[in-house]
Amino acid sequence: MSFLTAVGRAEVEILRERARMFLEAARDDLRAGRVDLAAFHAEQASQLALKYILARETGYYPRTHSLKELFEAVKQIRPDLWRLYLEEMFVFEVMEDAYIGARYLPRRYSKEVAVRTVEVAERLLSLCI
């Protein structure tokens, strides 16, 4: 079970801005050939976009890094985001792996996988922000 973090209006906007910045970092990483970081930044953008939606709609978000938990939390208020999760579940799982791998494990991703994570993050952010 995750703890909830309460946020104010200014903090909600910070979540939105940071989601956009991480998505731009993912795009920059792809252009520079940093595919492992592109997948990591795509995950960070997705994570913050979901936290933004939850914070904006409820004033809270779960203190977790799990995309699956965040999608579960947002399912009732944004069924469209849940449908995206179900459609792209494998990509979101790769993103979670990229988050863990970038921090703790020596893991490499192909360019094709990294491109796909960025594409899915772009779709998610287009629905959230």
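For (1) more than 26 Å from Gly8 (Cβ to Cβ); (2) in a helix (DSSP H, G or I); (3) free of Cβ contacts under 8 Å to residues at least 40 places away in the same chain; (4) small (Gly, Ala, Ser), each residue gets a yes or a no:
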position: Glu24; (1), (2), (3), (4): no, yes, yes, no
position: Ala42; (1), (2), (3), (4): yes, yes, no, yes
position: Leu50; (1), (2), (3), (4): no, yes, no, no
position: Leu54; (1), (2), (3), (4): no, yes, yes, no
position: Arg83; (1), (2), (3), (4): yes, yes, yes, no
position: Val120; (1), (2), (3), (4): yes, yes, no, no
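Candidates in region 51-69 are the residues that are crowded, with 23+ Cβ neighbours inside 10 Å and either touching a Ser or Thr at 6+ places or on another chain (Cβ under 9 Å) or modelled with pLDDT under 95 (or both); of these, the one that is nearest to Asp97 (Cα to Cα) is Lys51. So, in region 1-43, of the ones that are surrounded by 19 or more Cβ atoms within 10 Å (Cβ to Cβ) and aromatic (Phe, Trp, Tyr), which residue ends up farthest from Ser126 (Cα to Cα)? Among them, the one singled out is Phe40.
The values are calculated or read from the model by the stated rules, or taken from the named source; none is laboratory data. Please read these numbers as outputs of a predicted model, since none were measured by experiment. In this analysis, Cβ positions are derived from the backbone assuming ideal geometry, glycine residues included, and neighbour counts consider all displayed protein chains.
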